[in-house]
Amino acid sequence: MADLLRVDVADRVAVLTLDRPERLNAIGTATADRIESTLDELRADPSVRALVFTGAGRGFSAGADLDEIEALRTAYEFRAFVGRLTEVFGRLQAFAKPSVAAIHGFALGGGLELALACDLRVAERGAKLGLPEMKLGVLPGAGGTQRLPRLVPPGIAKQMILTGEPIDAERAYAVGLVNELVEPGEGLRVATALAGRLAAGAPLALAAGKALVDRIDGDLAAGIAAERETVSVMFTAEDRAEGLRAFRERRPADFRGV
Ligand SMILES: CCCCCCCCCCCCC[C@H](O)CC(=O)SCCNC(=O)CCNC(=O)[C@H](O)C(C)(C)COP(=O)(O)OP(=O)(O)OC[C@H]1O[C@@H](n2cnc3c(N)ncnc32)[C@H](O)[C@@H]1OP(=O)(O)O
């Protein structure tokens, strides 16, 4: 299997590239495992002070791996899949070294949820950021319903989640989902430079600063746990199967509320 995640280190910044361009950098459990093992390595590496996540090919990530999800057979398998992504994204958010997502093309579903677990986001004009799970008959299941409304006004988060429609990078910047809006082709360079500025910070202060800002309330863990259980129960709904059928058949889904 290809490496799934490429890691390049220079000037105290580790650039982690999602490397499945043929599947639009879809994130399955193997990619989640690679992210986790890489975090373990980088945690122990004093020469690395900050991270950048980016995607190979024409976009950041099209989300969780629908091929892998389609092969799941029980709510328990589904819950394990969802749990794996939420666990790894949670470890990324809690990681002592700051991270920047460099977004081009698209960051959708679990791809945007990965970017939400990063501390900062840089997006190129023209990129689409969204949580399209509603179009598949379900809800975001890797932290999106909890992290997005902590970054943007709840009304914007609710519109994105309940319509499943993406917003463009310009609007994402205007509502605070994106820290820096850059021209096409500039995302990785600007994100790496920003990470370089973060890397200049005192490691203990960086770690403490991250933790303090993330303490905006104590309910995040409970919210993500509730989200995980809700999404897992959805696995048994006919609408869930219809959502994927419609995607494969490239047609609007006919959800029946069953
Ligand atoms: C069976 C259950 C269905 C419900 C799944 C939801 C479960 C939710 C809970 C568990 C996981 C939680 C994590 C997260 O919250 C959930 C998700 O991320 S679900 C996925 C969300 N993402 C999307 O819906 C985006 C899907 N992709 C697109 O809309 C388009 O591909 C695009 C990004 C707009 C690009 O469009 P195009 O340029 O037209 O390119 P194609 O569509 O032709 O795609 C090229 C090629 O890539 C394959 N592909 C695209 N996205 C994925 C993906 N997420 N996983 C796997 N493969 C993907 C696509 O099928 C094409 O392959 P080909 O058909 O050519 O073989």
Selection status of R189, closer than 16 Å to G59 by Cα and out of contact with any strand residue (DSSP E or B) (no Cβ under 6 Å at 6 or more places or on another chain): yes
Cross-chain or 6+ apart pairs with Cβ under 7 Å, segment 122-133 first and of a type in the set (G, A, S), then in a helix (DSSP H, G or I) and surrounded by fewer than 23 Cβ atoms within 10 Å (Cβ to Cβ): A123/Y173
From G126, G143, G187, G201, residue being small (G, A, S) and in contact with a helix residue (DSSP H, G or I) (Cβ under 6 Å, 6 or more places away or on another chain): G143
Failed item, numbered, when I69 is tested on (1) hydrophobic (A, V, I, L, M, F, W, C); (2) within 25 Å of D219 (Cβ to Cβ); (3) not in a strand (DSSP E or B): (2)
Options L220, L198, L177, L204; residue that is under 16 Å from P98 (Cα atoms) and either in contact with a Leu (Cβ under 8 Å, 6 or more places away or on another chain) or in contact (Cβ under 8 Å) with a residue 60 or more places away in the chain (or both): L198
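Taking segment 111-141 on its own, how many of its residues are of a type in the set (K, R) and either surrounded by 24 or more Cβ atoms within 10 Å (Cβ to Cβ) or within 7 Å of the ligand (Cβ to nearest atom) (or both)? Working first, answer last.
So in segment 111-141, the residues of a type in the set (K, R) come out as 121, 125, 128, 135.
Among the residues that remain, those that are also either surrounded by 24 or more Cβ atoms within 10 Å (Cβ to Cβ) or within 7 Å of the ligand (Cβ to nearest atom) (or both) are: 121, 135.
Summing the residues that are of a type in the set (K, R) and either surrounded by 24 or more Cβ atoms within 10 Å (Cβ to Cβ) or within 7 Å of the ligand (Cβ to nearest atom) (or both) in segment 111-141 gives 2.
Among the residues of segment 39-50, count how many are in a loop (DSSP other than H, G, I, E, B) and either within 16 Å of the ligand (Cβ to nearest atom) or among the charged types (D, E, K, R) (or both).
Of segment 39-50, the ones in a loop (DSSP other than H, G, I, E, B) are 44-49.
Right, trim to either within 16 Å of the ligand (Cβ to nearest atom) or among the charged types (D, E, K, R) (or both) and you get 45, 49.
The qualifying residues number 2.
For segment 190-203, which positions are under 15 Å from R12 (Cα atoms) and either assigned to a helix (DSSP H, G or I) or among the β-branched types (V, I, T) (or both)?
Initially, segment 190-203 is screened for residues under 15 Å from R12 (Cα atoms), giving 191-203.
Selection gives A191, T192, A193, L194, A195, G196, R197, L198, A199, P203.
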Members of segment 148-176 that are within 12 Å of the ligand (Cβ to nearest atom) and either surrounded by fewer than 22 Cβ atoms within 10 Å (Cβ to Cβ) or not in a helix (DSSP H, G or I) (or both): I161, G164, E165, P166
Segment 65-88 residues that are outside the structural domain of G143 (by TED's automatic domain parsing), paired with ones that are near the ligand (Cβ under 10 Å from one of its atoms) and not hydrophobic (A, V, I, L, M, F, W, C) (beta carbon under 9 Å, 6 or more apart): none
Residue list for segment 7-45, restricted to those being more than 25 Å from R79 (Cβ to Cβ), without any contact (Cβ under 8 Å) to a residue 60 or more places away in the chain and not acidic (D, E): V7, V9, A10, A14, L16, T17, P21, L42, R43, A44
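Residue by residue through segment 51-89, note down the ones that are among the polar types (S, T, N, Q) and away from the ligand (no atom under 11 Å from the Cβ). Even if it seems obvious, please write down each step before you answer.
To start, the set of residues in segment 51-89 that are among the polar types (S, T, N, Q) comprises 54, 61, 74, 86.
Once the filter is applied, which keeps residues that are among the polar types (S, T, N, Q) and away from the ligand (no atom under 11 Å from the Cβ), segment 51-89 yields T54, T74.
The values are calculated or read from the model by the stated rules, or taken from the named source; none is laboratory data. Being a predicted model, the structure only gives us computed values, none of them experimental. Using ideal geometry, Cβ is built from the backbone for each residue, glycine included, and neighbour counts are taken over all protein chains shown.
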